[in-house]
Amino acid sequence: MRSLISHIFAGVMVMAASNAAAAPPSIITQGKGAALACASCHGVDGAGNAQAGFPALAQLPPAYFAKQIADFKAGTRTHPMMTPIAMAMSAEDTESGARHYASQARPKNEASTADPAVIARGKNLAINGAWDRNVPPCFKCHAVDGLGVPPAFPPIAGQHAAYTVSQLQAWKTGARTNDPQKLMKTVAEKLTDDEIHAVADYLATLGTREKGNE
Amino acid sequence: MNKAIGYLFCALALGGMVSGCDKPPSPPKTTEPAPVATAPAPAPVAVAPTQFTPPAESEIPNNEYGDAVLLGKNIFVNTQQYAKGFVGNGMNCANCHLDNGRKADSAPLWAAYVLYPAYRQKTGRIDTIQSRIQGCFLYSMNGKPPALDSKEMTALVTYHYWLAKGAPTGVKLPGQGYLKVPKPAQTPDMARGKNVYENNCAICHGANGEGIQARGEYAFPPLWGKDSFNWGAGMHRVDTAAGFIKVNMPYGLGGTLSDQEAWDVALFMNSHERPQDPRFKGSVAQTRDTHHDENCLYGRSPEELAASIERKAEAGGEAAAGQTKPAPEQLEGYSPAISH
């Protein structure tokens, strides 16, 4: 009998938890003060926006998400829009936002209009790298499916090309420096601008994955 | 079960301070006249002046032969999936042979292929490339070697052969094996090695060397523990690991660690427990004395290893002055490859 009650109780708790998970936290939908609602740029589902270059956040490892917010706060990563937003986010906002986006399915992008030859070149870099220049393949660290290796390596498959280009360029020029051990800087600075575009175009063609992975 | 017991025994008996390595090749028994002391040192096996470049992947032919090359490559890159029954840990061949076995100074397959058959001290026989690959499965993959005529072995050899297209046989090509990193100024040290590990390696290989899995597969390989290479693998040697690390680690940052850091972190990595040497027959001391030289921590404390490295360096200096014996790798037919 006690066992039955505890089962029912557990069931109720699970339902309550799943209801809570189903409703996005207010930081996503409402924002808070100077912190615009995350969804206004990144979508409730974390799909981001291809045209505007707002990054997809779906399935970002929570620890990675939290580190980026902390880095914006500390000034070790800067962005005209994200810095003030991060400054206004509490630890709780960060945690609930991270948890929400980690649970979203990776977005499915529109079919790419990029030149297939360019995509093929990007694919080769992502899978094989250019070891003769000490450029490891993207997928050596971001996993063979490009969906990331928590906690430190975020998913890159399905990321919008404009965003991937902007970040690789930022590492290359030194505008972004919050990569651990300069792991991204060392790669980006060896890539030509053409290669950066090719690999970004290829990665944008990937990324349809079911929910459930961090 | 035996493996588990061996593993446990190893870890318990040696308090996690065991690592291993293989005996260095001793001067071979040979019918060729031994060089006399007054003669000039024998010339090393001819070394091709330029870097060998294996064919591009796009050149794999679209026929039955190409199919075998491709299967070999797939086995090599994703051994966990394509040679599942032969692997007993979490490793893939390409973890230690980077760029799918193409990268110089990462034991490239094209350089290995052209050096076999060769006599190896480790096995005490002439090894063919096939039996050499079997050794990889037994030690580095902690598994069960595929049979010589198996589909897997045929595909792997075909992949080796294709990568070596145009390479001269019997020649030690530049980039063969792993770099020999000079002995550092200071004796390799555990505390410094731990520090190097935490600052450079842990982000991918985990705080405890356990590797990192994503979606049920190892995205980064375990460096010690039950899913790593065993005590018979070449990488358990501190000198070999230092050579791999110096050139290749971390990804994209190869060459940035100093020689000292490479030795220190190799010592630290190989001081941890790992699956038992398959040649173990009940006594760590006996296994050590039979199969492990002074380049590893199998049945040996880091302090004992440090002392032996010092002794070896002194002895090496004297031997270099004398030059009475050729190094085994300078003799034709003797594998210059590191023991595996």
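Some notes on this structure:
- Karplus-derived HN-Hα couplings along the stretch A:144-158 (A = 6.51, B = -1.76, C = 1.60, θ = phi - 60°), whole Hz, x at Gly and Pro: 4, 9, x, 9, x, 10, x, x, 8, 10, x, x, 10, 5, x
- Of the residues A:Lys182, B:Lys281, B:Lys103, A:Lys140, ranked by 1.4 Å probe accessible area with the largest first, the sequence reads B:Lys281, A:Lys182, A:Lys140, B:Lys103.
- With all protein chains modelled, accessible area of A:Arg121 [1.4 Å, Å²]: 110
- Mean-position separation - Cα centroids, the stretch B:227-283 and the stretch A:146-168, in angstrom: 31
- HN-Hα J in Hz across the stretch A:119-133 - Karplus 6.51, -1.76, 1.60, θ = phi - 60°, x for Gly and Pro: 4, 5, 5, x, 4, 4, 5, 5, 8, 10, x, 9, 4, 5, 10
- Shape of the stretch A:89-214, Cα gyration tensor, a/c cut at 1.5: oblate
- Taken about its Cα centre, the stretch A:59-209 carries a charge dipole of roughly 260 debye when the Cβ of each Lys and Arg holds +1 and the Cβ of each Asp and Glu holds -1.
- B:Gln213 long-range amide H proximity, modeled H, under 5 Å: B:Ala219
- Cross-link table B:Lys103/B:Lys172; B:Lys73/B:Lys165; B:Lys84/B:Lys281; A:Lys140/A:Lys190, entries beyond 19 Å C-alpha to C-alpha: B:Lys84/B:Lys281
- About the Cα centre, charge dipole magnitude for the stretch B:208-279 (Lys/Arg +1, Asp/Glu -1 at Cβ), debye: 180
- Peptide A:124-135 is shielded by partner chain Cβ atoms: per residue, an average of 4 of them sit within 10 Å of its Cβ.
- Mean partner shielding of peptide B:220-226, defined as the number of other chain Cβ atoms within 10 Å of each residue Cβ, is 1.
- Taking a ≥ b ≥ c as the square roots of the Cα gyration tensor eigenvalues, the stretch B:136-225 comes out oblate, since a/c reaches at least 1.5 and a/b does not exceed b/c.
The values are calculated or read from the model by the stated rules, or taken from the named source; none is laboratory data. Source: prediction; values computed, not measured. Here Cβ is always computed from backbone atoms with ideal geometry, including for glycine, and neighbour counts include all displayed protein chains. Calculation scope for accessible area: heavy atoms of the full protein, side chains included, ligands and nucleic acids excluded. Shrake-Rupley method; radii C 1.70, N 1.55, O 1.52, S 1.80 Å.
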